[in-house]
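Chemist: What follows is a structure written as structure tokens; I'll ask about it next.
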Amino acid sequence: QVQLGESGGGLVQPGGSLRLSCAASGSIFSIYVMGWYRQSPGKQRELVATISSGNSTNYAGSVKGRFTISRDNAKNTVYLQMNTLKPEDTAVYYCYGAIRRVGSLLYETYWGQGTQVTVSS
């Protein structure tokens, strides 16, 4: 079984910073891609950023230059450093991973439970 656990959300003022973390645990053989999505009330879940096992990154246009995704492969952990936060960044942030379990030949997608980020004065 594989689980993703997020931490680091909270309330921050506009212009402030937060760092989200997401650790994968369980019977993991390898992790291909990890990343973050977010969902605001009344909106569809949208991609924020992804990072591959080779550290190739991809960002949504709305966060490029403000957010930085990174990962620690030894800890099976992905991070999202969020700077210059805006009220429109307010959302529940979900991490995900394309993970191959021990004994499996397939990569499957796993999701965290979500962490709330609120940007407000």
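Chemist: Check 27, 56 and return the single one that is farther than 13 Å from residue 81 by Cα, small (Gly, Ala, Ser), surrounded by fewer than 13 Cβ atoms within 10 Å (Cβ to Cβ) and in contact with a Lys or Arg (Cβ under 8 Å, 6 or more places away or on another chain).
Modeler: Working: 56 fails: in contact with a Lys or Arg (Cβ under 8 Å, 6 or more places away or on another chain).
None of the others qualify; the one that does is 27.
Chemist: Let me ask something additional. Inside the range 46-121, counting only strands (runs of 3 or more DSSP E) that do not spill past its ends, which hold 1 or more residues that are in contact (Cβ under 8 Å) with a residue 60 or more places away in the chain? Talk me through it step by step, then tell me what you get.
Modeler: Values: elements: 46-52, 57-59, 67-72, 77-82, 91-101, 107-111, 115-119.
By residue number, 77-82, 91-101, 107-111, 115-119.
Chemist: OK, next. Among 51, 69, 28, which is the only one that is at negative phi, hydrophobic (A, V, I, L, M, F, W, C) and over 10 Å from the mean Cα position of the chain (by Cα)? It would help to see each step written out before you state the result.
Modeler: On the way: 51 fails: over 10 Å from the mean Cα position of the chain (by Cα); 69 fails: over 10 Å from the mean Cα position of the chain (by Cα).
Testing whether each residue is at negative phi, hydrophobic (A, V, I, L, M, F, W, C) and over 10 Å from the mean Cα position of the chain (by Cα) leaves just 28.
Chemist: Continuing with the same structure: For the range 25-45, give me the residue count where each residue is basic (Lys, Arg) and outside any strand (DSSP E or B). Step through it out loud before you land on a result.
Modeler: Going through the range 25-45, the residues basic (Lys, Arg) turn out to be 38, 43, 45.
In the following step, the residues that additionally are outside any strand (DSSP E or B) were identified as 43, 45.
Final tally of qualifying residues: 2.
Chemist: Ok, one more. Suppose we filter 96, 32 for residues that are crowded, with 16+ Cβ neighbours inside 10 Å and at pLDDT 95 or above; which single one remains? Walk me through how you get there before you give the answer.
Modeler: Working: 32 fails: crowded, with 16+ Cβ neighbours inside 10 Å.
From the options 96, 32, the qualifying one is 96.
Chemist: Please find, within the range 41-53, the residue that is least open to solvent (accessible area, probe 1.4 Å) out of those that are at pLDDT below 95 and small (Gly, Ala, Ser).
Modeler: The selected residue is 53.
The values are calculated or read from the model by the stated rules, or taken from the named source; none is laboratory data. It should be emphasised that the depicted structure is a prediction, and the values quoted were computed from it without experimental measurement. Positions of Cβ are backbone-derived with ideal geometry, glycine not excepted, and every protein chain shown enters the neighbour counts. When the accessible area is computed, the model is the full protein with side chains, heavy atoms only, and any ligands, DNA or RNA have been set aside. Shrake-Rupley method; radii C 1.70, N 1.55, O 1.52, S 1.80 Å.
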